[in-house]
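Take a look at the structure below.
The values are calculated or read from the model by the stated rules, or taken from the named source; none is laboratory data. The model shown is predicted, which means the values in this text are computed figures rather than measured ones. Virtual Cβ from ideal backbone geometry, glycine too; neighbours counted across all protein chains shown.
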Amino acid sequence: MPEENSVNVQHPLIRPGTLESRSYQLKLAEKSLSENTLVCLPTGLGKTAISLLVTVHRLNQFGGKSLLLAPTKPLVHQHATDYRNWLNLSASDIVSFTGEIPPKQRSELWDSATIIISTPQVIQNDLIGGRISLKDVVHCTFDECHRATGNYAYTYISERYVTDASNPLSTGLSASPGNDIESILAVCNNLSLSQTEILTEEDAEVAPFAGKTNIEWVRVNLSPEAIEIRNLLRNLMKKRLSRLKSIGISIPSSSSLSERDLQQLRSQIQSKIDAGNGDGYEALSLHAELRKIKVGINYVETQSVDALNQYLERQKNASRTSGASKAAQRFISDPLTQQAKHLAKKHQGLPPKFETVRVLIAEELGIAGGVRVIVFTESRDTADSLTEFLSPNFTTERFVGQTTRYGSSGMTQKQQHETISKFKNGDFNVLVSTSVAEEGLDIPDVDLVIFFEPVPTAIRNIQRRGRTGRGTQGKVVVIIANDTRDETYFWISRKREQQMHNELRSLRSSIAKLNIKLPPTNPPLPAQPTLTDFTTVDSPPKIEIIIDQRELNSSITKQLSSKENIQIKLETLAVGDYILSDRVAVERKTIDDFLDTLVGSDRSLFDQVKNLSQNYSRPLVIIEGEGSLYSRRNIHPNAIRGAMASLAINFGASVLRTSDENDTAQMLEIIARREQISTGRSIQVHGSKSQKTLPEQQEYVVSSIAEIGPITAQLLLEHFGTVEAIMSASEDQLQQVKGVGKITAERIKKITSSPYPS
C-alpha cells in the first residue's frame with residue numbers, strides 16, 4: 001500500500017505532492033485490496049482516489065493494466081484528467097475511450113496503454129467484437145456502480161472480467177448504491193463484489209472533510225392560466241380512462257396516473273391481447289396516448305406553460321409524419337388538447353418557478369456573497385429557457401448532454417469540458433444543468449444547489465445534493481409547485497432516501513456484528529449440452545459470425561461472444577441480422593414481431609427477406625419464442641400459414657423456430673459451424689441498400705471520410721454546401737464546423753489530399 005505522511009501520499013507511481021493523504025481513504029483502499037469490494041462514500045469525499053490507491057498497488061505488484069469504467073463521457077474525461085495529474089505515467093499510458101474513437105484505434109490504444117478509462121458500452125462492444133482482452137487487467141473499477149442492474153453493460157463486463165482475467169480484482173464505487181438491501185445486494189451480485197465498506201458523514205474519520213448541507217423547500221403556486229391548462233389535460237385523461245373502462249380494463253381510482261398505474265394498465269392490456277381479444281389493440285393505443293397526456297401534465301405542473309407549448313408543438317409535428325401512430329394523431333387533434341395548446345401559446349405570464357430561481361440566486365450571490373450556483377432541471381427545454389431568462393442578471397451557462405433533439409442543440413465533449421473548466425475558474429457563476437452533471441463530475445464546491453423540481457429517487461437526490469457542502473457549509477433549495485406531481489415526488493424521494501440510509505446502516509451493522517460476507521456472485525450455470533458437445537473431443541475449430549450492430553444488446557450476441565471458439569464481428573448490415581457463411585444469412589423475429597407484420601401496415605419482414613434472398617442463396621428466418629403462433633393474436637391461422645408459405649415459396653427462405661434467445665444462439669452456432677467447418681465455406685457480407693437519394697449519397701460519401709459518422713457529415717454538408725467544398729477546405733475551415741476538432745480535421749485533410757500509393 002502507499003505510505004501516509006502528514007500531507008500527501010507517497011508511492012512510486014504517484015506524482016509527489018499531488019494526492020492528499022486521508023486516513024479513511026488509505027484504510028478503505030487497504031481493505032479493497034483483500035477482495036472485490038463495494039465502497040460507499042458520500043459524494044465529494046474522494047472515491048476515485050481510493051480506487052487509484054488500489055490501482056497503483058496492483059500495477060506495482062503485478063504489472064498489467066487497469067480499467068476504470070464511468071457511465072458518462074464527461075466523467076470519463078474528468079477521471080482521465082485526474083489520473084494524469086496524480087500519476088507518474090506518460091500521457092500515452094493513460095487513455096480514455098468513448099464511442100467517438102474508431103474501434104481499430106481503440107484496439108491499438110488498448111494494447112499499448114497501462115490505464116484505460118472508458119464508458120461501459122464501448123468496452124462491452126469491444127469485448128463482443130473481440131477487439132480487446134481483459135486477461136491482463138489486474139484491477140477493474142466500476143464507478144457509480146449502482147447502475148449495475150438489468151441489462152446495463154457493467155453486468156456483462158463484470159462477468160467477462162471474472163472469467164477472462166488472469167488475476168482479477170474489482171472495486172465498485174457509489175455514494176448511493178440502492179434504495180434497499182435487495183437492490184444493494186443485486187448490485188454486489190452483478191459485479192461479483194463480496195464485501196462492503198461503508199462510511200457516512202457521521203463517521204469520525206470522515207467528518208473533518210464533510211461539510212454540512214442545509215436543505216430548504218420553497219413552495220410556489222401555479223398561475224390561474226396554468227391551472228386551467230392542466231385541468232383541460234386532466235379532463236382528457238379522464239376521457240381516455242373512461243374508454244378503457246368501457247372495454248373491460250380496471251382503471252385506478254385516482255386520475256393522477258403514477259408509473260406503477262401505467263404498468264398495471266399495460267399488464268391488463270397485454271393479457272387481453274394474449275387472449276385474442278381484439279379490443280386489446282385499441283386499449284394499447286389508448287395507453288400510449290395516456291403516456292403523452294401525462295407528460296403534458298408534468299410539463300405544465302413542474303416546468304412551465306412555455307415548456308408545455310414546445311412539447312405540444314413537437315407532438316403536432318410528429319403526428320403529421322407518415323409513420324405517426326394513432327395515439328399521437330388522436331392526442332394532438334382532440335379538442336381539449338387544441339384548447340390547451342391555444343391557451344399555452346398565448347400565455348405571457350412569467351412562470352412562478354423562474355422568478356423564484358432568480359430571487360434565490362440574487363440572494364445567494366448578492367446578499368450572502370456566494371460564488372457558484374447550480375440549478376438542476378429535468379427538462380432540456382427548461383434548461384434552455386431558464387439560461388436565457390437568467391442571463392441578463394447573472395453570468396449563466398447551460399450544461400446538457402450531447403444529443404441534439406427537439407430543436408435544442410446538445411453539447412460536444414469539448415464544449416462540456418470547457419464549460420466545467422470555466423465554471424471552476426469563476427468565468428461564470430450560475431450553471432443550469434440537466435441530469436448530465438449529477439454523477440461524479442468534479443464540479444467545484446458550490447454555495448447553492450437549486451432543484452427546479454423534486455426527483456423521485458433517492459439516488460438522484462443524493463447525487464445532486466453532493467454538488468454542495470463538500471468540505472464547507474452548503475445549501476440546497478427544492479422548489480415545489482403546490483398541488484402537483486412535485487409534492488408526490490418530494491415525499492417519495494424523502495422516504496426512499498431515508499430508507500436507503502437505514503438499509504446501508506443495517507447492512508454495515510449486520511456485516512460487522514455477524515462477521516459475514518456478502519453472498520458471492522452466483523457463477524453462471526453451465527450451458528446446456530449442444531450437438532457440438534457430442535461430435536468432437538478436442539476444442540472445436542474457431543468460426544466467425546458477423547452480427548448487425550442493432551443486435552448488440554441481445555443476450556444472443558453476448559452469449560456467442562463469450563465463447564473462445566467464436567469470433568464475433570460487428571457491422572452495420574444492409575441485409576440480415578446474422579451472417580453465417582457466404583450463402584447463409586439470418587433474419588431474426590420474435591413471435592410478436594412476426595405477427596405484427598400480418599396485422600399492421602408494416603410489411604417490412606417481406607421486404608427484408610426479399611433483400612436477403614437476393615443476396616444469399618440460403619436465407620433463413622428464425623421465429624423466436626415459446627408457444628403456438630396461432631394462439632397469440634386474433635389472426636386467422638390460414639393468414640399465418642400463408643405468410644410462412646410465402647417466405648418459403650416466394651423467397652426461398654427456410655423458417656426455423658427457437659424457444660428463446662439462448663436457443664437462438666445455439667442454433668446460430670450450429671449452422672455457422674456446419675457451414676464453415678463441415679462444408680468449408682467462407683463468410684462474406686453481401687447486399688446493398690436500396691437506391692439512395694442524392695443527399696443520402698452525399699452524406700454517405702462524407703461520413704466515410706475518417707469515420708466521422710453521419711451527424712458530422714450532415715453538419716459539414718450544411719456548412720460547405722457540396723462534397724467538393726469539403727474536400728478542398730483547409731483544416732482551419734473544417735474546425736469551424738461543430739463536432740470537428742483539430743484531430744478530425746487533420747485526418748480529413750490527410751485522407752483527401754494524400755497521394756494514392758502506386
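Some notes on this structure:
- Test: residue in the range 100-110 that is of a type in the set (S, T, N, Q), touching a residue at least 24 places away in the same chain (Cβ under 8 Å) and assigned to a helix (DSSP H, G or I): yes
- Scanning the range 649-661 for residues that are surrounded by 15 or more Cβ atoms within 10 Å (Cβ to Cβ) and assigned to a helix (DSSP H, G or I) returns a single hit, Glu661.
- Test: residue in the range 65-82 that is under 26 Å from the mean Cα position of the chain (by Cα), assigned to a helix (DSSP H, G or I), under 23 Å from Asp164 (Cα atoms) and among the hydroxyl-bearing types (Ser, Thr, Tyr): no
Residue-by-condition table, conditions (1) exposed (fewer than 15 other Cβ atoms within 10 Å of the Cβ); (2) under 32 Å from the mean Cα position of the chain (by Cα); (3) at pLDDT 90 or above; (4) in a helix (DSSP H, G or I):
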position: Ile623; (1), (2), (3), (4): no, yes, yes, no
position: Asp663; (1), (2), (3), (4): no, yes, yes, yes
position: Leu668; (1), (2), (3), (4): no, yes, yes, yes
position: Arg673; (1), (2), (3), (4): no, no, yes, yes
position: Gly680; (1), (2), (3), (4): yes, no, no, no
position: Lys689; (1), (2), (3), (4): yes, yes, no, no
position: Lys692; (1), (2), (3), (4): yes, yes, no, no
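- Conditions (1) under 29 Å from His636 (Cβ atoms); (2) among the β-branched types (Val, Ile, Thr); (3) buried (at least 18 other Cβ atoms within 10 Å of the Cβ): number failed by Ile247: (3)
- Of the residues making up the range 611-635, those that are closer than 17 Å to Asp582 by Cα and either touching a residue at least 40 places away in the same chain (Cβ under 8 Å) or not β-branched (Val, Ile, Thr) (or both) are Asn611, Leu612, Ser613, Gln614, Asn615, Tyr616, Ser617, Arg618, Pro619, Leu620.
- For beta carbons closer than 7 Å, sequence separation of 6+ or different chains, a first residue in the range 742-756 that is assigned by TED's automatic domain parsing to the domain that holds Ile708 and a second that is in a helix (DSSP H, G or I) and acidic (Asp, Glu), the qualifying pairs are Ala745/Glu731; Glu746/Glu731; Lys749/Glu731.
- Taken residue by residue, the range 699-713 has no member that is at pLDDT 85 or above, surrounded by 15 or more Cβ atoms within 10 Å (Cβ to Cβ) and assigned to a helix (DSSP H, G or I).
- Given (1) in contact with a Ser or Thr (Cβ under 9 Å, 6 or more places away or on another chain); (2) in a loop (DSSP other than H, G, I, E, B), index of the condition Ser96 fails: (2)
- Within the range 167-191, considering residues that are farther than 23 Å from His79 by Cα and in contact with a Phe, Trp or Tyr (Cβ under 8 Å, 6 or more places away or on another chain), the one surrounded by the fewest Cβ atoms within 10 Å (Cβ to Cβ): Asn167
- Residue satisfying all of: in the range 89-114; under 23 Å from the mean Cα position of the chain (by Cα) and among the aliphatic types (A, V, I, L, M); surrounded by the fewest Cβ atoms within 10 Å (Cβ to Cβ) among these: Ile101
- Of all residues in the range 425-440, at least one satisfies being outside the structural domain of Leu68 (by TED's automatic domain parsing), in contact with a Leu (Cβ under 6 Å, 6 or more places away or on another chain) and modelled with pLDDT under 80.
- Residue that is farthest from the chain's Cα centre (by Cα) [pool: residues in the range 357-392 that are at pLDDT 90 or above and among the polar types (S, T, N, Q)]: Ser391
- All positions within the range 578-593 that are surrounded by 23 or more Cβ atoms within 10 Å (Cβ to Cβ) and outside any strand (DSSP E or B): Leu580, Ser581
- Of everything listed in (1) surrounded by 14 or more Cβ atoms within 10 Å (Cβ to Cβ); (2) under 17 Å from Ile101 (Cβ atoms), the single unmet condition for Lys742 is (1).
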